[in-house]
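Down below is the structure, laid out as structure tokens.
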Amino acid sequence: MLLVIGTLTACSTKMVYNYLDWIVPWTIDDYITLDSEQEAFVDRSLAQVLSWHRQEQLPLYAADLESLRSALKSELTIDEVVGFTKKARAHWYQLIEVMFPPLVEFGQSLSDEQARQLVATVREELDEIKAEHDEQTLEERQQEWREGMEEGLEDWLGSLTDGQILRIKEWSETRTSSFDLWIAYRYRWVDELEQTLAKRNQPAQFQQSAEHLLLQLDEIRGGEYLAAIEKNRRFYAQMIVDISTSMTKQQQTHLDDKLSELINDLTELHREE
């Protein structure tokens, strides 16, 4: 349930969304240094994608959240929670499909040095993530999972009951970590990114490789990792179902108010352009 709405808070949604045309280029600068023509291309492409997203996607997000509000009026099931998470992923994949043509054109504009810089930066980022993970004990990672889940749920529900805190602790101590599978997938992905960028002066081959890199991610993830994702998704869903069935009246009101506020924000953002 709450995976669908993630870490958004209703009070910040509009501000963050309206600054995406600034945030995204700033984030790109962390990975690669662009020339003036590339910066102009990113600005134009981003404006087009955001216009489409505002008009076409935000109403779908609002409708999904309305469906979630309705589902919460009765007892949630694991399949319903999993269904909401899959809807959220489907929206993400739709966004990637719309972004794909400008991403291909942008990739073809990269110089050899820019391509090397991008791949090296992504690899370095993965190395840092892995090193930080390897330094932690299992108990420290479980504490991070528990604290992160508690903070997220408290934002949407208000203060948690002792029973809910205990259920989150149980979830954090019994969930299966898929980090090793995830990091291996990410390294495979960056290897394929490097191979794809090496073809950027061969339009047909580059297009085909880019499609696999960006639109066929499950093939890169592999069967073992996909199975782990599905297992953890349902394990998470069971915990969310247990939390939702234990909500107090005050928590139910708090959650409904938060969802209503977020829906209103999405609706207003859709109407603003």
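Quickly run through the range 205-227 and pick out the residues that are among the small types (Gly, Ala, Ser), assigned to a helix (DSSP H, G or I) and either touching a residue at least 12 places away in the same chain (Cβ under 8 Å) or surrounded by 15 or more Cβ atoms within 10 Å (Cβ to Cβ) (or both).
Ser209, Ala210
Consider Gln114 against the criteria (1) modelled with pLDDT of 95 or more; (2) touching a helix residue (DSSP H, G or I) at 6+ places or on another chain (Cβ under 8 Å); (3) buried (at least 16 other Cβ atoms within 10 Å of the Cβ): it satisfies all of them except one. Which criterion is unmet?
(2)
More than 18 Å from Val104 (Cα to Cα) and either free of Cβ contacts under 8 Å to residues at least 12 places away in the same chain or hydrophobic (A, V, I, L, M, F, W, C) (or both): is that true of Ala47 in this structure?
Working: more than 18 Å from Val104 (Cα to Cα): no; either free of Cβ contacts under 8 Å to residues at least 12 places away in the same chain or hydrophobic (A, V, I, L, M, F, W, C) (or both): yes.
Taking the combined requirement at face value, the residue does not satisfy it.
Out of curiosity, is Ile96 out of contact with any Asp or Glu (no Cβ under 8 Å at 6 or more places or on another chain), in contact (Cβ under 8 Å) with a residue 40 or more places away in the chain, assigned to a helix (DSSP H, G or I) and β-branched (Val, Ile, Thr)?
yes
Where the second residue is surrounded by fewer than 16 Cβ atoms within 10 Å (Cβ to Cβ) and the first is part of a helix (DSSP H, G or I) and lies in the range 164-179, which pairs have Cβ atoms under 7 Å and are six or more apart or on separate chains?
That search, which allows pairs on different chains as well, returns Gln164/Ser246; Phe179/His133.
If Ser159 meets every condition in (1) out of contact with any His (no Cβ under 7 Å at 6 or more places or on another chain); (2) surrounded by 13 or more Cβ atoms within 10 Å (Cβ to Cβ) apart from one, which number is that one?
(2)
Which residues, counting only those in the range 154-172, are aliphatic (A, V, I, L, M), under 25 Å from the mean Cα position of the chain (by Cα) and closer than 21 Å to Arg234 by Cβ?
Ile168
For every residue, the table says whether it meets (1) in a helix (DSSP H, G or I); (2) closer than 30 Å to Trp156 by Cα; (3) of a type in the set (Lys, Arg).
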{"residue": "Gln48", "(1), (2), (3)": "yes, no, no"}
{"residue": "Glu56", "(1), (2), (3)": "yes, yes, no"}
{"residue": "Glu80", "(1), (2), (3)": "yes, yes, no"}
{"residue": "Leu110", "(1), (2), (3)": "no, no, no"}
{"residue": "Val119", "(1), (2), (3)": "yes, no, no"}
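The values are calculated or read from the model by the stated rules, or taken from the named source; none is laboratory data. This structure is a prediction, so every number in the text was calculated from the model and none was measured. Methodologically, a virtual Cβ is constructed for each residue, glycine included, from the backbone with ideal geometry; neighbour enumeration extends over all protein chains shown.
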